[in-house]
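The values are calculated or read from the model by the stated rules, or taken from the named source; none is laboratory data. None of the values given here were measured: they were computed from a predicted structure. Here Cβ is always computed from backbone atoms with ideal geometry, including for glycine, and neighbour counts include all displayed protein chains. These area figures cover heavy atoms from the full protein model, side chains too; ligands, DNA and RNA do not enter into them. Shrake-Rupley method; radii C 1.70, N 1.55, O 1.52, S 1.80 Å.
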Amino acid sequence: MTWRPQYRSSKYRHVFGKPATKENCYDGVPITRSVHDNHLCAVNPRFIAVITECAGGGAFLVLSINHTGKVDPHHPKVSGHRSNVLDIKWNPFNDFCIASCSEDSTVKIWDIPEHGVLKNITVPWKELQGHSRRVGLIEWHPTANNIIFSTGYDYQVMVWKLDVPEQVIKNPVRSISVHSDVVLSMSFNTDGSRLATSCKDKKIRVIDPRTGTLLQETNCKSHKASKVLFLGNLKMLLSTGNSRWNHRQIALWDQEDLTKPSYSEDLDGSSGVLFPFYDPDTHMLYIAGKGDGNIRYYEISPEKPYVHYLTEYRSLLPQKGMGPVMMSLRPGSKLDSYVELGSGKDPTDSMETQISRSRPGLSQLIQERQDAKEVNTRRETPSTLLLPSTDERSSSTTYVSNGQLDSTHCSPPKTENELRQMFYKQQDEIRRLREQLNQKDVRIKQLELEIKNVRNSHATL
């Protein structure tokens, strides 16, 4: 009997990280020198926010993800706190709303203009006053709009409701008092029915956020938790921390039974805090350490041994803050992933859609291919290119929108801000058109593979 090596099949075995080029990076950002163990930045599909060093108060920058390069030292900031900002989080229901908490014991909610911060913002949309000491963490509820949780050095977790007429809110909806020390991290499960926390007392707790009831609590001596994270719909928790020998460690827990970890692994002997990030669409886990130069990738499965190491990204520069942006895949959206191109299936499709596509007609495939190529051969046309009017006596301007003339008459920009906003609109539209062309390229490759498969199947009949 011949011996065969045991390899586990994985679609993401060869995933790798690629750093952005210099022109696609931000340069000159005055990142805060705070030693607080938080991400220090937050990202959504439109903006990146970075906590900055600021004298005489707390502030953070909000930059468009489409406009990279050197940042103006005098770039406008969001600067309404009286002391250092410790955490920032984007509202998952509104890309133009961000929350911040500070050493001044307040939480503030900010409205960000559609085209970015063009002047200093000092007045928040809402101010939450309830903590007696500095506030270190905030977390938006994942399924209920206008609900945010905050926790501070008063050991309290407070629940706030924002859809009230008052601009200053002094009384939280609920105050959860189940911790004996400072809360280090908070994480919701997918539907928001459970809240997991890690505490400075090295314990993990699972709480019902609606009632504030403590449901589960760890009492494990072999793992001292620092950060905790719900793993999507797997009904499992992942924590990072230290072993009893002070090695950095990751541990996996059953959310219904926290008596002992289902899996644990020692990583190294470094001292930086490990931050876990999980992508529920691919079941991939990313572990990044503060001060480290590498990011580890794992794949999570519901059966033993649960955690499967893939690879890691290495850099010569230490990382200070991390801000992942998880693009939610909605029905009809496309995932440009090479691992799915061979099957000709869209990984975001439902099971019924994939079954209906398994035997498409050849004429339909050819027609889709021709339509896709026709769109792909069009030249990239910015959506708001200014063209001179044919009527010399008119001072109006004619616009081109998506390749068609727009008869709307608009006056030319009169101020520098209006000109900058128009430029940003053009840049966003150019980027959108380029993304559409890339999606069409991927679709063309898929159609070509499907046509080849159908022809081969007809040839074998």
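Of note:
- Karplus (6.51, -1.76, 1.60) ³J(HN,Hα), θ = phi - 60°, over region 146-154, in Hz, Gly and Pro reported as x: 6, 10, 9, 10, 9, 9, x, 7, 8
- Ranked by the mean number of other Cβ atoms within 10 Å per residue, highest first, peptides 435-442, 249-256 order as 249-256, 435-442.
- Ordered from highest to lowest accessible area with the whole protein assembly present and a 1.4 Å probe, LYS227, LYS414 read as LYS414, LYS227.
- Region 1-136 - percent relative contact order, Cα under 8 Å, separation 6 or more: 19
- Calculated accessible area for region 208-333 comes out at 50 Å² per residue, all protein chains present (probe 1.4 Å; ligands, DNA, RNA ignored).
- In order along region 291-306, the phi-based Karplus estimate (6.51 cos²θ - 1.76 cosθ + 1.60, θ = phi - 60°) of 3J(HN,Hα) comes to x, 7, x, 9, 10, 8, 10, 9, 10, 9, 10, x, 10, 4, x, 6 Hz; Gly and Pro are listed as x.
- Order by protection proxy (mean Cβ within 10 Å, highest first), peptides 123-132, 209-218, 84-93: 84-93, 123-132, 209-218
- Cut-off under 5 Å, modelled amide H: who pairs with GLN129 long-range: ILE169, LYS170
- Residues with amide H under 5 Å from that of TYR155, placed H, sequence gap 5 or more: VAL183
- FRET E, pair ARG133, LYS221, Förster distance 30 Å, beta-carbon r, rounded to 0.05: 0.55
- Once backbone amide H atoms are built at 1.01 Å from N, LEU137 has THR151 as its partners under 5 Å, excluding neighbours fewer than 5 places away on the same chain.
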